[in-house]
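The block underneath contains the structure these notes are about, expressed in structure tokens.
The values are calculated or read from the model by the stated rules, or taken from the named source; none is laboratory data. If you're wondering where the values come from, they're calculated on a predicted model, not measured in any experiment. Every residue, glycine as well, gets a Cβ built from its backbone with ideal geometry; the counts of neighbours run over all protein chains shown. Quick note on the areas: whole protein, heavy atoms, side chains included, nothing else; ligands and nucleic acids left out. Shrake-Rupley method; radii C 1.70, N 1.55, O 1.52, S 1.80 Å.
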There are 2 protein chains.
Amino acid sequence: MELTLCLNYPDWLPEWLLSHSGCYPDPNTRMRLAIELSQLNIQHESGGPFGAAIFDLNSHTLIAAGTNRVVSCGASFAHAEIMAITAAQKKLGHFDLATNGLPRCELVSSCQPCAMCFGAIPWSGIRHVACGARDSDARNIGFDEGPRHPDWIKALNNRNISVDLDICRDEAVAILQAYVKKNGPIYNTDL
Amino acid sequence: MELTLCLNYPDWLPEWLLSHSGCYPDPNTRMRLAIELSQLNIQHESGGPFGAAIFDLNSHTLIAAGTNRVVSCGASFAHAEIMAITAAQKKLGHFDLATNGLPRCELVSSCQPCAMCFGAIPWSGIRHVACGARDSDARNIGFDEGPRHPDWIKALNNRNISVDLDICRDEAVAILQAYVKKNGPIYNTDL
């Protein structure tokens, strides 16, 4: 076996991050960045139609970003949220973003988290989650959101993690539909 | 940002895999390998007290393995199950282990999957899950299993993924307790 598990971010992402550094006080603007990531992932054929970004909850500074890389990296866990969270953990130097001394972090995702990403959120130290498209929107184009906890928002709230839904939902859904029109691969459909 | 997300497996793991290649028809023997991984992870101080291995469900050949690397790699998703599943996906060349042409795969884990790993299982293509310690055993030493789906076994069964519990549970619990005696770090405790 190889000693190192390596997954590449899209080659356009580091430059995108550099050119988008700054503060974004408006929640819609933050979501539009996540949606832009999902759109660029389609345009560059670098993965599925999902994007996510991590912001400082106080200053609203962009900290890290990720896109879906499941097919491109050959790894089923490489969802946009996991890629973004891990980039933030690497950048801030700790596996728990809620550790004292680090900024409180927000996860902004172009779509509601699936069963896995929901379960990953408490471990990550994320304190707030903002979602664009609904899981039903993802299912409408053939994706599966998995056996997510039936009361997932309350389960996160119970751990002091707040959740906002339907931020710029129509814009997020438009990107999902653009992916279908481009015949992007829909995977994990036969479960 | 770095273009590549890299996580190291323990440096002792590739050699362990080479020296343990072969078929293991007895479910208890397969579990003892996962438990041995958890014990070695403590002994080498390479991570938390959790080990996992992937086997071919038909031939019972050992395919891949992983251990908990959360603290050592600074990544909250680096649970033993995720590390093992990803190693198997890299080795077999596909993000979906249930793809036609690949062996049907079993995940053998020294402890029941947490909320995240439960959600990761359907995406991985794993067809059978064998668990050693219970989530209550992990909680007893201070670990948290997260807001897992309340009916997680049925949820996996509904997706044609079978689950066996309590395989060599006492031996798995003994390793968890050895970790506590060695004052191993318990993380994600303040959720």
Q: Go through (1) within 21 Å of B:Ile175 (Cβ to Cβ); (2) within 13 Å of chain A (Cβ to nearest Cβ); (3) surrounded by fewer than 24 Cβ atoms within 10 Å (Cβ to Cβ); (4) not hydrophobic (A, V, I, L, M, F, W, C) and name the single condition B:Gly48 misses.
A: (3)
Q. Can we say A:Val108 is touching a strand residue (DSSP E or B) at 6+ places or on another chain (Cβ under 6 Å) and open to solvent by less than 20 Å² (accessible area, probe 1.4 Å)?
A. yes
Q) Do we have B:Thr29 as of a type outside the set (Asp, Glu) and crowded, with 20+ Cβ neighbours inside 10 Å here? A) no
Q: Please enumerate the residues belonging to the stretch A:8-26 that are in contact (Cβ under 8 Å) with a residue 24 or more places away in the chain, surrounded by fewer than 22 Cβ atoms within 10 Å (Cβ to Cβ) and either basic (Lys, Arg) or closer than 18 Å to A:Asn68 by Cβ (or both).
A: A:Asn8, A:Asp11, A:Trp12, A:Trp16, A:Leu17
Q) Do you know which residues across the stretch A:175-191 are open to solvent by 50 Å² or more (accessible area, probe 1.4 Å) and either within 20 Å of B:Met116 (Cβ to Cβ) or out of contact with any Phe, Trp or Tyr (no Cβ under 7 Å at 6 or more places or on another chain) (or both)? A) A:Gln177, A:Val180, A:Lys181, A:Lys182, A:Asn183, A:Pro185, A:Thr189, A:Asp190, A:Leu191
Q.
Name the residue that is farthest from B:Tyr179 (Cα to Cα), counting only residues in the stretch B:117-141 that are among the hydrophobic types (A, V, I, L, M, F, W, C) and in a loop (DSSP other than H, G, I, E, B).
A. B:Ile126
Q: Tally the residues that are free of Cβ contacts under 8 Å to residues at least 40 places away in the same chain and crowded, with 20+ Cβ neighbours inside 10 Å, restricting the search to the stretch B:119-134.
A: 8
**Q.** Residue in the stretch B:32-45 that is least open to solvent (accessible area, probe 1.4 Å), counting only those that are among the hydrophobic types (A, V, I, L, M, F, W, C) and farther than 12 Å from B:Gly132 by Cα
**A.** B:Leu37
(Q) So, in the stretch A:82-116, exactly how many residues are not in a helix (DSSP H, G or I) and not β-branched (Val, Ile, Thr)? (A) 20
**Q.** Residue among B:Ala120, B:Ala138 that alone is among the small types (Gly, Ala, Ser), under 15 Å from B:Ala52 (Cβ atoms) and touching a Ser or Thr at 6+ places or on another chain (Cβ under 9 Å)
**A.** B:Ala120
Q. With B:Asp144, B:Asp137, B:Asp151 as the choices, which residue is of a type outside the set (Ser, Thr, Tyr) and in contact with a strand residue (DSSP E or B) (Cβ under 9 Å, 6 or more places away or on another chain)?
A. B:Asp137
Q: With the checklist (1) closer than 21 Å to B:Ala120 by Cβ; (2) within 12 Å of another protein chain (Cβ to nearest Cβ); (3) open to solvent by 10 Å² or more (accessible area, probe 1.4 Å) in hand, flag the one item A:Arg139 doesn't pass.
A: (2)
Q) Given the residues B:Thr4, B:Thr29, B:Thr67, which is the only one that is closer than 15 Å to B:Cys131 by Cα and more than 14 Å from the chain's Cα centre (by Cα)? A) B:Thr29
Q.
I need the full set of residues from the stretch B:100-125 which are over 17 Å from B:Asn68 (Cβ atoms) and within 12 Å of the chain's Cα centre (by Cα), in order please.
A. B:Glu106
Q) What residue, among those in the stretch B:55-81 that are assigned to a helix (DSSP H, G or I) and within 12 Å of chain A (Cβ to nearest Cβ), is least open to solvent (accessible area, probe 1.4 Å)? A) B:Val70
